[in-house]
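Derivation of every value follows stated rules applied to the coordinates shown; laboratory data play no part. Please read these numbers as outputs of a predicted model, since none were measured by experiment. We place every Cβ from the backbone using ideal geometry, glycine too, and count neighbours over all the protein chains shown.
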Amino acid sequence: MTNVCYRTLQFDEPWTLEAYESVGGYQVLRRIMQEKTPCDQIINELKEASLRGRGGAGFPTGVKWSFMTSASQGAKYVVCNADESEPGTCKDRDILRYNPHQLIEGMIIAGYAMGCTSGYIYIRGEFTEPFARVETALQQAKAAGLVGSNILESGFDFQLETAIGAGAYICGEETALLNSLEGKKGFPRFKPPFPANVGLYGRPTTVNNVETLASVPVILEKGAKWFLELGKPNNGGTKIFSVTGHVNKPGNYEVPLGIPFKELLELAGGVRNGNKLKAVIPGGSSMPVLPAEIIMETDMDYDSLMKAGSMLGTAAVIVMDETTCMVKALECISKFYMEESCGQCTPCREGTGWLHRVIHRIENGQGKPEDLDNLVRVAKNIEGRTICALGEAAAWPVGAFMKHFRDEFAYHIQHKKCLVG
Amino acid sequence: MAETELYKLTETMCGEIDQWIAKFPPERKQSALLASLHIVQKETGWLSTAQLNAVADYLGLAYVTVYEVATFYSMYDLQPVGRHKVHLCNNISCMLNGSEKLSEHVKAKLGVEFGATTTDGKFTLKHAECLAACAGAPAAQIDGVHYENLTPEKIDKILDNLD
Ligand SMILES: Cc1cc2nc3c(=O)[nH]c(=O)nc-3n(C[C@H](O)[C@H](O)[C@H](O)COP(=O)(O)O)c2cc1C
Ligand code: FES
């Protein structure tokens with residue numbers, strides 16, 4: 001395996017400054033500070049590496065950073081999104097716990113490249129252990145003169161602090177996160193204006209995922225070409241896949257983008273008990289499910305999954321074997337989005353409730369034949385009608401389950417029981 | 001408000017809150033609100049109105065601002081809770097790996113439904129949303145600590161060891 005974000009994992013105490021420095025940690029920062037590398041050069045390197053956002057949307061990181069470089073006086077911020085809450089996703093937690101210094105180095109470089117004055121690492125409230133690891137690492141970095149005023153005597157000042165959430169999936173959405181960071185409830189903001197223009201405290205801000213930021217030092221160390229060629233054109237580098245569900249060896253696998261699903265499944269020990277594969281959600285529970293026939297022929301990268309009718313999302317690969325009741329699976333997923341809708345937009349607040357109630361009644365043998373079309377209709381009416389993408393996150397699973405497994409829902413309604421088990 | 005007089009933040013709390021205030025620009029004390037509520041909640045496991053008001057006064061915020069935040073986030077308890085908080089994840093990866101059976105087991109063991117506290121005031125049982133521990137499903141958070149790959153036997157041991 002090629003480790004980028006998990007490159008300290010072989011050590012007993014991978015989170016220490018010594019462990020990180022022993023794999024070349026902070027060398028890139030030292031070089032940049034010494035050479036005063038032009039910001040454009042760093043940003044171009046990320047563009048050439050084809051690094052795309054690891055938080056779910058896959059937006060090219062270099063392009064995102066270039067929105068920030070327009071001259072603007074005063075405070076500018078870079079914020080790390082460590083809210084990781086999309087069901088199935090558990091990759092950032094391990095970067096925070098096992099390689100916090102690499103995230104910190106990535107953030108300082110991001111701050112430098114975008115001309116930011118400060119940064120915050122917003123960590124979800126439930127992350128007790130990860131928070132402690134990041135906080136300790138940050139104190140070590142400060143003591144070593146790597147963060148703060150006049151970093152490594154370069155004249156560059158960059159303040160970096162941790163911040164904490166308190167239990168709300170919506171705060172992973174970047175503008176809700178900014179409101180939360182301001183001490184408010186996590187309601188997403190209207191866009192435009194985008195955070196690059198009006199972000200934290202009304203100042204230009206860039207929000208990036210943990211894995212995105214932690215990839216930066218390695219890209220700049222080994223070069224854009226190296227990173228790009230790990231993956232595929234337009235899908236550069238490695239990606240951490242959280243493989244969970246019905247596999248023998250669930251876990252986080254950091255492997256090149258474009259790995260065939262078949263190989264990834266093998267890495268994760270194959271389907272449990274030698275069972276037959278039924279379906280896979282390839283990118284966290286909000287992404288469209290794919291039946292076994294399709295996913296077995298698909299490569300795991302942004303573009304291939306899009307072509308196959310789903311999305312890479314957070315690369316949380318949820319594996320379901322032949323014993324899985326698809327109605328029950330969707331009921332579980334739809335309940336989450338109902339619970340976590342922030343309630344700001346009517347289509348999402350009301351629609352997620354309707355979706356869950358209808359799926360719940362089908363699961364409990366009280367479904368009606370017209371429910372199937374109604375589910376699709378309600379989902380369609382949420383999509384595109386909300387301030388943030390939680391609406392889509394709730395609607396897409398419904399659309400895809402109905403597209404690929406409609407018969408199973410119909411069976412449930414007709415026979416008042418599961419097709420399986 | 002009469003209630004605020006009933007509660008005074010301790011010196012330790014104020015010290016910890018001050019450290020959080022220092023992380024943000026001076027005119028942005030509100031940014032320390034979420035952390036402040038966590039700090040005060042450590043005392044009894046939940047937040048009373050008097051405590052919310054005390055935090056509001058300390059940060060110079062309107063009471064309603066603090067109520068709005070305290071009611072929005074799931075980690076704040078605004079009703080008395082048991083000495084130990086047991087939060088079981090029932091999201092998709094955990095569900096696929098037997099979280100329902102585990103939930104039934106814990107409900108029977110403690111004799112309470114989700115959202116309730118045992119009569120002896122020892123445990124409050126709740127659902128957790130995905131804890132980002134999905135590769136260790138089924139997962140739970142108990143008193144702020146993650147537990148993974150749980151089985152009925154394993155969680156019995158954990159719960160039996162709490163006083
Ligand atoms: C409902 C919702 C929840 C999200 N949760 C997260 C999250 O937990 N972590 C994350 O990095 N991005 C999350 N995102 C995506 C962010 O809005 C944002 O696109 C991302 O942090 C940008 O970073 P990137 O460009 O490095 O991927 C979420 C988006 C939505 C709509
Ligand atoms: S689904 Fe239970 S921890 Fe993620």
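Hey, can you tell me all the residues within the stretch B:71-91 that are more than 19 Å from B:ALA50 (Cα to Cα), surrounded by fewer than 21 Cβ atoms within 10 Å (Cβ to Cβ) and within 16 Å of ligand 1 (Cβ to nearest atom)?
B:SER74
Going residue by residue through the stretch A:54-66, is there one that turns out to be within 30 Å of A:VAL289 (Cβ to Cβ) and within 16 Å of ligand 2 (Cβ to nearest atom)?
Yes - at least one qualifying residue is present in the stretch A:54-66.
Can you tell me which residue in the stretch B:133-147 is surrounded by the fewest Cβ atoms within 10 Å (Cβ to Cβ), limited to those that are within 7 Å of chain A (Cβ to nearest Cβ) and near ligand 2 (Cβ under 6 Å from one of its atoms)?
Restricting to residues being within 7 Å of chain A (Cβ to nearest Cβ) and near ligand 2 (Cβ under 6 Å from one of its atoms), the top hit is B:ALA133.
Would you tally the residues in the stretch A:198-213 being among the β-branched types (Val, Ile, Thr), more than 14 Å from every other protein chain (Cβ to nearest Cβ) and assigned to a helix (DSSP H, G or I)?
Within the stretch A:198-213, residues that are among the β-branched types (Val, Ile, Thr), more than 14 Å from every other protein chain (Cβ to nearest Cβ) and assigned to a helix (DSSP H, G or I) number 1.
Taking strands (runs of 3 or more DSSP E) that fall entirely within the stretch A:214-308, which contain at least 1 residues that are away from every other protein chain (no Cβ under 14 Å) and more than 27 Å from A:ALA395 (Cα to Cα)?
Fully inside the stretch A:214-308 and qualifying: A:238-245, A:251-256.
What number of residues within the stretch B:148-163 are within 16 Å of ligand 2 (Cβ to nearest atom) and away from chain A (no Cβ under 11 Å)?
The total comes to 4.
For residues in the stretch B:92-121 being among the small types (Gly, Ala, Ser) and either within 14 Å of chain A (Cβ to nearest Cβ) or crowded, with 16+ Cβ neighbours inside 10 Å (or both), which is nearest to ligand 1 (Cβ to nearest atom)?
B:SER93
In the stretch B:122-150, what count of residues is obtained for those that are under 24 Å from B:GLN79 (Cβ atoms) and away from ligand 1 (no atom under 16 Å from the Cβ)?
12
With the condition kept exactly as written, say whether any residue in the stretch A:106-114 is among the hydroxyl-bearing types (Ser, Thr, Tyr) and surrounded by fewer than 24 Cβ atoms within 10 Å (Cβ to Cβ).
yes
This table checks each residue for (1) crowded, with 22+ Cβ neighbours inside 10 Å; (2) more than 16 Å from ligand 2 (Cβ to nearest atom); (3) within 12 Å of another protein chain (Cβ to nearest Cβ).
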residue	(1), (2), (3)
A:ALA132	no, yes, yes
A:GLN140	no, yes, no
A:ALA143	no, yes, no
A:VAL147	yes, yes, no
A:ALA196	no, yes, no
